[in-house]
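K.L.:
Next up is a structure, given as structure tokens.
The values are calculated or read from the model by the stated rules, or taken from the named source; none is laboratory data. Since the model is a prediction, treat every value here as computed from it, not as a measurement. Note that each Cβ is placed from the backbone with ideal geometry, even for glycine, and that neighbours are counted across all protein chains shown. These accessible areas exclude ligands, DNA and RNA; they are computed on the full protein's heavy atoms, side chains included. Shrake-Rupley method; radii C 1.70, N 1.55, O 1.52, S 1.80 Å.
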Amino acid sequence: MARIAARIAALLLGIALVSGPAAADDAGTANAFALLALLNDARQAAGAAPLIMQPALHAFASAWAAEPSIQQRLDHPSDTSQVAWIESNVTPRWKHIGENIALAHSVREAHDVLMASAIHRANALGDFTHVGIGAARDSAGQLWVAYNFITAPELNQRDVAARP
């Protein structure tokens, strides 16, 4: 009987471990696309073209948002590591790159805080063609957000991340 109980406990723990990160990934992706909608609304209001969510940039931004949520430190990646990653995984023929990071309690607050800062607003409304957005919540429920912007005209509609 104890063996059966131990097996059931191990099975339930395995299910929790498997379903936990997937649920977090789904919520992170949903938050990323909610941020994209707010960003593109702001861009439209400013007369700028909408940005396209690029899958590899979305993956990079998602990983970068998750890292500080674990480390509890808001920081930009080094320029050299970001450029090397973009050139290896997105395109070596980029023209401009930019990044915004934020810590907030909600999607709306993250968007509003970034748009209230002149330098972050300039990135958000800048001459970019694609974006990757990552969002991760820490154990206290805070939302860690990373945007990676790129101007790369040769990227096309096939390079669009799937919505949740």
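K.L.:
Kindly write out, for the range 39-54 in residue order, the coupling ³J(HN,Hα) from the Karplus curve 6.51 cos²θ - 1.76 cosθ + 1.60 (θ = phi - 60°), rounded to whole Hz, with x marking Gly and Pro.
P.N.:
4, 5, 4, 5, 5, 4, 4, 8, x, 9, 5, x, 8, 9, 6, 8
K.L.:
Compare HIS120, HIS105, HIS130 by solvent-accessible area with a 1.4 Å probe and give them largest first, with all protein chains kept in place.
P.N.:
Descending accessible area places them as HIS105, HIS120, HIS130.
K.L.:
Grab the Cα-Cα distance for SER106 and ALA122, subtract it from 0.36 nm times how many residues apart they are, and report the gain in nm with one decimal. Provide the component values of the computation, followed by the final result.
P.N.:
Values: separation 16, 0.36 × 16 = 5.76 nm, distance 2.15 nm.
Contour length minus the Cα-Cα distance gives 3.6 nm.
K.L.:
Can I ask one more? Name the residues whose placed amide hydrogens come within less than 5 Å of the amide hydrogen of GLU99, ignoring near sequence neighbours (fewer than 5 apart) on the same chain.
P.N.:
Placed amide hydrogens put PHE149 under 5 Å from GLU99.
K.L.:
Between ASP41 and GLU87, what FRET efficiency follows from the Cβ-Cβ distance if R0 is 30 Å, with the result rounded to 0.05?
P.N.:
In this case the efficiency is close to 0.45.
K.L.:
Can you list the residues of the range 103-145 with backbone N under 20 Å from a point 7 Å past the Cα of ALA63, pointing along Cα to Cβ?
P.N.:
Flagged as within label range: 130-138, 144-145.
K.L.:
A further question on this structure: Suppose the chain between GLU154 and HIS96 were pulled fully straight at 0.36 nm per residue; how much longer would it get relative to their current alpha carbon spacing?
P.N.:
19.6 nm
K.L.:
What FRET efficiency comes out for ALA48 versus SER139 if R0 is 25 angstrom and r is the Cβ-Cβ distance? Round to the nearest 0.05.
P.N.:
Calculated transfer efficiency: 0.10.
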